[in-house]
Amino acid sequence: MRQLPLHNSSAILGTILAIFLPFIFCNEPSSVQAATSNIDATVQIQTTRQQQPVPSATATNQQNLGLATSQAKTSLSTTAPRSAPLTDNQSADIAISTDTSPIKTTNTTQSTQQIVQTTTPDHPSTTTTDTPPDDVTTDQSQPSPSTDTPETIIPGKTPNSAIATKPDGNDPEQVETQPADTTPTTTTKADEEVINDQINHSQTTSNSANTTTISPSSQNNSLTTSSVNQSTDQTIHPTINGIISNLITDITSFSGAAVVYPFVFTRVAQLMSDFRTLLSPDRYNIDQMWTGLDDKYNPEYSKTFYTEAKDWYDNQVPKETWSVPFYDDTSKSARATYIKNNDSTSTVIYGQGWTTDPDWMGYISKVFYDMGYNVLITYTRGQNTSDGNFITYGAKDKYDWQEWIKKVDAENGPNSKVILYGQSMGADTALEAASVPGLSTSVKAVIADCGYSTMPSLAYSIYQDAAKTLNDLTSMVGINLNGQIPLLPFNKVLTSLSAINHFFQGNTVDDISGITAVKNSKVPTLFISTTDDGFIPSTQTTALYNNSAASLKELWLLDGNVGGHASANNAVLAYQQHIRDFVAKAEGQSEPLDQLAAA
């Protein structure tokens, strides 16, 4: 779905409210007490920190730049096996599979799957792109140590391949890379013709990708409240001197968080969504699925597909309403729309994004219906027809999903196969559900499209966008905000949001973490994002992939103009093919996984 950058406007509106409201309410004793409960500790911390000017590049960043340059040079001269683990202050180049050209090998019919396949020690016949830890449990979810740093990955072909970790050992394929300071995509006319041929299924020979490299900041893609409050980055944790200054920013930050909270974590968020739609009336027009889509993704095919999908969902396909009780309050229910596909015993459970329109989800559901799946379109707590006033971002929905899985298994029978799928918040809900201990063995794969790595990382990305937008305005009168929002330091706003959420929902923002989820799930997972996503950066999807303990995992990043946030499905032909290929490999692992769970 094409997302216009209206979240910037919303953030600025919230900022303006947050700045002015504290001065109205700051004399309330309860507000002061709540906002200043940790002032003494804050003062002690601040007095031990040295005041620093905002640097253009910290010493650590300079070191990272030198390291990245060295790695880029190395990648041009040799193809290395899987890279050794890096420290938190290091970065690694990530090869993005974008454009296509014929592989220069003696066997031109070699399958791309051979590039991304390897075998596990325990199951030599199992297709995989990453070797899982040796220890196992009696279900598909399992805590496993994992690094927060990127791994070296190799390309497959577009559109029928995914980015995957390079297997251990020597790989006969030579992957050509370009320097790390190049743009994320470089597409030649010849390359686009090859891609179009592949999308139209007119070319079946194996292809290798011309790739470019990027070096995402792994640190800001794995933020927690603790790391934020210990950060030396002035845009994350600015130095504030003096008791009075700290007291003022404590109050303004808490007040700002209190203003923002209902629009993010409660059913009131729908008002924000309606406001965005009012500003952009074509937001949910079906032509957003193909308008502006790069030619290499076959926009004409997407136009035909989604035009038919809209009529199919609105007027043709029968729909049922399902419900399951909340796991922690049986007086309330989560609800969903179920679409039966003849006698199929395979079902996709589709997770709702933040304020995503249910009909829009219905149009996208045809992607899976045409692949032979039943589709269960679920609505999260606090959204659409589901009960509840608070949006939990998967923290509680993941347990409700266990009930959905049971209900689907009962409907499908003993041969039930389940795929967990979602976009944006829905992707993290699917990842969270897959991490719950005792997960049904009917769950064969997770498809996580543009999920966030952690809630603090997502919040910082939005904060940066808002600060930039505000700075663009203030710079007109010669005021540079240096990546900050006056009176609203990011670390204090985040801490306040976390405290408010804990008060109302019983969990902090650190409990909303895709990274924690993927570290505790061994379910085969396909990670998808687009490089033009301006809301949840694709680097957060890369962070999820790098931290995943899945027995089989792949990363697919679509370059060029796709449509922005949650838009990978716009390239519907390639989207279906990637999912179809990945699920086939995942189901190839299903027998060993079932035996493992039964052991």
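The values are calculated or read from the model by the stated rules, or taken from the named source; none is laboratory data. Just so it is clear, the model here is predicted, and its values are computed rather than measured. For neighbour counting, all protein chains shown are included, and Cβ atoms are generated from backbone atoms with ideal geometry for every residue, glycine included. Protein only, heavy atoms only, side chains kept; ligands, DNA and RNA dropped before computing areas. Shrake-Rupley method; radii C 1.70, N 1.55, O 1.52, S 1.80 Å.
Okay, here's what the table says:
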quantity	calculated
Residues of the range 369-382 satisfying the condition of being out of contact with any Gly (no Cβ under 9 Å at 6 or more places or on another chain) and touching a residue at least 60 places away in the same chain (Cβ under 8 Å)	D370, M371
The range 232-278, subset without any contact (Cβ under 8 Å) to a residue 12 or more places away in the chain and among the hydrophobic types (A, V, I, L, M, F, W, C), residue least open to solvent (accessible area, probe 1.4 Å)	V268
Selection within the range 374-401 - among the polar types (S, T, N, Q), buried (at least 22 other Cβ atoms within 10 Å of the Cβ) and closer than 17 Å to Y261 by Cα	Q383, T392
Matching residues, the range 298-324, being open to solvent by 60 Å² or more (accessible area, probe 1.4 Å) and outside any helix (DSSP H, G or I)	P318, K319, E320, T321
Scope the range 462-481; condition surrounded by fewer than 12 Cβ atoms within 10 Å (Cβ to Cβ) and either touching a residue at least 40 places away in the same chain (Cβ under 8 Å) or hydroxyl-bearing (S, T, Y) (or both); matching residues	S475
Qualifying positions in the range 279-292 - among the small types (G, A, S) and open to solvent by 20 Å² or more (accessible area, probe 1.4 Å)	G292
Residues within the range 233-257 that are within 14 Å of L497 (Cβ to Cβ) and in contact with a Pro (Cβ under 7 Å, 6 or more places away or on another chain), tallied	3
Residues (of a type outside the set (K, R) and open to solvent by 10 Å² or more (accessible area, probe 1.4 Å)) located in the range 402-412	Q402, E403, D409, A410, E411, N412
Flag for Y393 being of a type in the set (F, W, Y), touching an Asp or Glu at 6+ places or on another chain (Cβ under 9 Å) and assigned to a loop (DSSP other than H, G, I, E, B)	yes
Selection status of I405, part of a strand (DSSP E or B) and in contact with a Ser or Thr (Cβ under 7 Å, 6 or more places away or on another chain)	no
Residue match in the range 232-244 (condition: outside any loop (DSSP other than H, G, I, E, B) and within 17 Å of T495 (Cα to Cα))	no
Check on D295, among the acidic types (D, E), touching a helix residue (DSSP H, G or I) at 6+ places or on another chain (Cβ under 8 Å), touching a residue at least 60 places away in the same chain (Cβ under 8 Å) and open to solvent by 10 Å² or more (accessible area, probe 1.4 Å)	yes
Selection from the range 357-375 of residues that are assigned to a helix (DSSP H, G or I) and not small (G, A, S)	P358, D359, W360, M361, Y363, I364, K366, V367, F368, Y369
Out of M371, M361, sole residue that is among the aliphatic types (A, V, I, L, M) and open to solvent by 20 Å² or more (accessible area, probe 1.4 Å)	M371
Qualifying residue in the range 337-356 (condition: touching a residue at least 24 places away in the same chain (Cβ under 8 Å), open to solvent by 20 Å² or more (accessible area, probe 1.4 Å) and under 22 Å from the mean Cα position of the chain (by Cα))	yes
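Quick grid of which residues meet (1) assigned by the TED database to the domain that holds A434; (2) among the basic types (K, R); (3) assigned to a helix (DSSP H, G or I):
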position: S461; (1), (2), (3): no, no, yes
position: T474; (1), (2), (3): no, no, yes
position: I479; (1), (2), (3): no, no, no
position: G483; (1), (2), (3): no, no, no
position: L494; (1), (2), (3): no, no, yes
position: A499; (1), (2), (3): no, no, yes
position: V518; (1), (2), (3): yes, no, yes
position: S529; (1), (2), (3): yes, no, no
position: N546; (1), (2), (3): yes, no, yes
